Amino acid sequence: MTDATTNVAPTNSPGYSRWQLVRYMLGLGTWGFGGPVALVGSMYRDLVERRGWISDSDYKEGITLAQLMPGPLAAQLAIYLGYVHYRLAGATLAGIAFVLPSFLMVVAIGAAYVAYGGLPWMQAVFYGVGACVIGIIAMSAWKLTTRSIGRDKLLWAIFLLSAVLTVLTQSESVWLFLGAGVLVWLVRAPPKRWFGGHLGSIAAVAPTAAMLAAGTTDWHLLGQIGAFFAYAGSFVFGSGLAIVPFLYGGVVTEHHWLNERQFVDAVAVAMITPGPVVITTGFIGYLIAGFWGALVAALATFVPCYLLTVAPAPYFKKHGKHPGIVAFVDGVTAAAIGALSGAVLVIAQRSIIDLATAALAIGTAALLWRFKKIPEPLVVVAAALLGLLLYPLAKHA
């Protein structure tokens, strides 16, 4: 009885206001570099460890739900953490605050890109920032691993399997997350009955994206943009980078909205700007149809992930403390962190291309290890300047 009371109290009496959380998400969306791995790590460090606003169990439930649902991982986690104490209003405001800064940035970069016919300096900046980001996300993945898995042998086995499969396939599978959750559930808290009860609670959080499928694409250009990106936001699982191959097939191959070079630049913009990687959809939308194209593409991408986070959230809040659900969450969390750790190696293959970038990645990780309070945006700015200096030399060599 004492444990139950202890678990419920923080939820009923949050030690922060709704607007404090909104300001935090606005700041993270403005200064948070490193992609989904670094962003979810920052949320854990800042909201669970330092401020104590979110409990460890609520954070685990949020990252599990974000992995089970399609859409951008970090944005979904931000939405769920807003829901924890302030329900729909908190989820809505936290999601908007997290996404808005990076959206405005990619729109501004898109305007410059269109006005000046490309951004030649972008390759030099990405040369430095891309390598630096590897160091940032490697440290975030390490912290998440040590804090969430501990010494549990079963969770470590799931973690390693998920990491290896992510590296080999260069993708993330929701079935692996579900399977890991079910495995730990059956091992630690096998159900006394197989139908009804809490089994239905787990089934309730299964993906429901089919309800959001677009009915037709026979519209004008904005309608086509909205339909395509709504489909992408509803059916693509995994971290932000998982959507890139899907976008390439639709934007370049199918609709011919962008050419190869423009699409690569769009991905680079997502990597060198803070906030969720999926905000590249805003940049792509701008190149296709200006500001309204950017707005429609961004809304179509993020609205489905918002709905697919807040709809099952009550089930997590109601049944999240049941032993079966706790075991299921632990299994999915281990698989999710394994996939995120594997993604570090996948991204590194594209960003570490020579000795200079390797040194930048290792140096960033070492710097963050030694000086734990150093601001990450400062490290990213320094890496961008180094990229501008080193890239011409590397290209010449």
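The values are calculated or read from the model by the stated rules, or taken from the named source; none is laboratory data. Predicted, not measured: the structure shown is a model, and the values here were computed from it. Quick reminder, even Gly has a Cβ in these numbers, built from the backbone with ideal geometry, and neighbours come from all protein chains shown. Heavy atoms of the whole protein, side chains included, go into the accessibility calculation; ligands, DNA and RNA do not. Shrake-Rupley method; radii C 1.70, N 1.55, O 1.52, S 1.80 Å.
Below is a table of values for the structure above.
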item	result
Protein-only accessible surface order, largest first, of His255, His85 at 1.4 Å	His255, His85
Calculated from backbone phi, Karplus (6.51, -1.76, 1.60) coupling profile of the range 220-233 in Hz, x at Gly/Pro	6, 4, 5, x, 5, 4, x, 5, 5, 6, 5, 5, 4, x
Residue pairs, from the table Lys143/Lys395; Lys318/Lys373; Lys60/Lys373; Lys373/Lys395; Lys318/Lys372, whose Cα atoms sit over 31 Å apart	Lys143/Lys395; Lys318/Lys373; Lys373/Lys395; Lys318/Lys372
Signed unit charges on C-beta, dipole axis of the range 45-159, positive-most listed residue Ser148, Val106, Tyr116	Ser148
Rounded to whole Hz, the Karplus (6.51, -1.76, 1.60) HN-Hα couplings of the range 61-72, x for glycine and proline	4, x, 6, 5, 4, 5, 6, 6, 8, x, x, x
Residue-normalised accessible area of the range 293-353, given per residue in Å² at a 1.4 Å probe	32 Å²
Gained length - Arg18 relative to His220, 0.36 nm times residue gap less alpha-carbon distance	68.8 nm
